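Take a look at the structure below.
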Amino acid sequence: MELVNQGYQIQGLSVLALAEQFGTPLYVYDSSVIQRQYERMQKAFSSTRVKINYACKALSNPAVLQFFRKLGAGLDTVSIQEVRLGLMSGFLAEEIVYTPNCVSFEEVIEAVELGVHVNIDNLSILEQFGHAYGSRVPVCIRLNPHIMAGGNSKISVGHIDSKFGISIYQMPHLLRIVEAHSIHVEGLHMHTGSDILDTDVFLQGAEILFEAAVSFPHLQFLDFGSGFKVPYKPGDIETDLHELGSKLSDRFNAFCQSYGKPLTLMFEPGKYLVSEAGIFLARVNVLKQTTAALFAGVETGLNHLIRPMFYDAYHHIVNVSRPEAQPRIYTVVGYICETDTFGWNRKISEIAEGDLLAFYNAGAYCYTMASNYNARLRPPEVLVIDGQAHLIRERESFEDLIKGVKWLQM
Ligand SMILES: *Cc1c(COP(=O)(O)O)cnc(C)c1O
């Protein structure tokens, strides 16, 4: 979204007009930002064989998945339903990696039957896998390198208490299982968490993965997960992809030399690819001056955008209706009967009731975390491609809300 002649636009389309056309609250995604981010990553790793698998839990609308397929991305999935969405959106099974956590073995069997790459993160599942398939079905193994990554413990998954991955200290046991069942290990994987700023964390993790990789002679790829940081606040710094790309590619290429064959370097970013592509639009229902603060109460809440309340995430807020007005200090709150504050003490151009606010970074983990709490309906989603706005999901209706309800006969 950019400010052009005192009006906010996306690919030349007026944001106010989009809100009029599709109604509010509304999610809008800018495909050119998705493409820019994808190409940035490709470019950063252009000196090695890189494959980018979009982690679709960030934003799983099938039209967005179709767009990624067209860009040439693969797909990273965490549930059998995401696998299905990927297949329906045109991805080939071999382009999909399935990285579940604490799912039943029945779900793993389903994934094998659909033909996708399975990434196993538990010795018990690995044993069952070996027992069921022996060397017939190749498998990827998710290791936990135990490096502390990310500033926020709620989104850091590589630490010692984490439930994710097979601990690097369990390598001897892991190797015994692999050997006993002649398991064909085609990939090693690590994913240390989200919001990683320090490229050294990646490089540290990479060394651990290289060390482990020597024990597996049939590898095709090494998957370094994700966790790239994107700017949320104006002036925020992001992961230096250029630096990471050149350092990691060099080490990766050197490793492939010593390993004896070229492997594919994989990443599975979610947030990096879609966070900045999305804005969430909602109107101000009421202004409320209390003794403590000036509240702007919007027509949405934690049911549509939960990150501020769930992770203390900062989402920048602007007044689309009056970008040039004198800024005042507002606390922006939702309409849910629950404390749902989007932002305390935000400097926003003077708001009148009915004004349209835009929340930035609404591409990743926003719509996909939306719910029907307070029996509210989920908003529609619009994807802008080549200057054209496409409605890619309708606003929910009351009928959607009661679908599947079995009324008591009384
Ligand atoms: C969530 C997740 C990702 C994506 O993380 P981002 O921080 O959105 O880039 C990648 N891989 C796995 C296994 C995940 O669970």
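Computed from the coordinates by the stated procedures, all read-outs in this text should not be read as laboratory data. In this text the structure is predicted, and so the values were computed from the model without any measurement. Cβ sites come from the backbone with ideal geometry, for glycine too, and all protein chains shown count toward neighbours.
If I model a spin label at L3 and K43 as a point 7 Å from the Cα along the Cα→Cβ vector, what separation in nanometres do I get?
2.6 nm
For the chain, what is the percent of antiparallel DSSP beta bridges, rounded to the nearest 5?
50 percent
Could you list, in their original order, any pairs among K43/K70; K57/K247; K51/K261; K70/K247; K163/K247 whose Cα atoms are separated by more than 25 Å? The partial results should precede the final answer.
On the way: K43/K70 17 Å; K57/K247 28 Å; K51/K261 17 Å; K70/K247 29 Å; K163/K247 29 Å.
Going by Cα-Cα distance, K57/K247; K70/K247; K163/K247 fall outside the 25 Å limit.
To make sure I understand the rule: partners must be lysines, Cα under 30 Å from the Cα of K288, and not fewer than 8 residues away in the same chain. Which ones qualify?
Hits, sequence-local ones excluded: K233, K347.
Once each part is reduced to its C-alpha centroid, what is the distance from region 304-370 to region 167-190 in angstrom?
Between the Cα centre of region 304-370 and that of region 167-190, the gap is 46 Å.
Given the convex hull over the Cα atoms of region 200-279, what projected area results after averaging over all orientations, in nm²? Can you show the working numbers first?
Values: hull surface 23.5 nm².
If I average the Cα hull's projected area over directions, I get 5.9 nm².
Do you know the relative contact order of the chain, to the nearest whole percent, from alpha carbon pairs under 8 angstrom that are 6+ apart?
19 percent
Could you give the angle, 0 to 90 degrees to the nearest 10, between helix 105-114's Cα long axis and the longest principal axis of the Cα atoms of the chain?
Rounded to the nearest ten degrees, it is 90.
Mean separation of Cα pairs under 8 Å and 6+ residues apart, divided by the residue count of region 306-410: what relative contact order is that in percent?
The normalised contact order for region 306-410 reaches 23 percent.
Pulled fully out, how much extra length does the chain show between T341 and T290, if you take 0.36 nm times their separation in residues and subtract their Cα-Cα distance?
Computed gain between T341 and T290 is 16.8 nm.
Compute the projected area of the convex hull of the Cα atoms of region 100-267, averaged over all viewing directions, and report it in nm² to one decimal place.
10.2 nm²
How big is the Cα convex hull of the chain in projection, averaged over all directions, in nm²?
23.0 nm²
What's the local net charge at L219, with K and R +1, D and E -1, over the other residues with C-beta under 9 Å away?
0
Before rounding to the nearest 500, sum -39500 (n - 2.57) across all DSSP H runs of length at least 4 in the chain and divide by the residue total; then give [θ] at 222 nm in deg cm²/dmol. Kindly include the intermediate steps, with their values, before the conclusion.
Working: 12 runs with 120 residues, N = 410.
Mean residue ellipticity at 222 nm (helix-derived): -8500 deg cm²/dmol.
If I model a spin label as a point 7 Å beyond the Cα along the Cα-Cβ vector, how far apart are those points for Y169 and N253 in nm?
It is 3.7 nm.
Using the Cβ atoms and a cut-off under 14 Å, what net charge is assigned to the surroundings of M266, where Lys and Arg are +1 and Asp and Glu are -1?
Around M266, the charge tally is -3.
Run the numbers for R176 and E353: contour at 0.36 nm per residue of separation, minus the present Cα-Cα distance, in nm.
57.1 nm
Expressed as an acute angle from 0 to 90° and rounded to the nearest 10, what is the orientation of the C-alpha long axis of helix 31-44 relative to the principal long axis of the chain?
It is inclined by approximately 30 degrees.
Subtract the Cα-Cα distance of E107 and Q409 from 0.36 nm times their separation in residues, and report this length gain in nm to one decimal.
Residue separation times 0.36 nm, minus the Cα-Cα distance, leaves 105.1 nm.
Give the Kirkwood hydrodynamic radius (Å, one decimal) of region 282-391, defined as one over the mean of 1/r across all pairs of different Cα atoms.
14.6 Å
Any chance you could give the angle, 0 to 90 degrees and rounded to 10, that helix 123-133 forms with the longest Cα principal axis of the chain?
Relative to the chain, helix 123-133 is tipped by roughly 60 degrees.
Net charge near Q42: determine it from the other residues with C-beta under 12 Å of the C-beta of Q42, scoring Lys and Arg +1 and Asp and Glu -1.
Value of the local net charge: +4.
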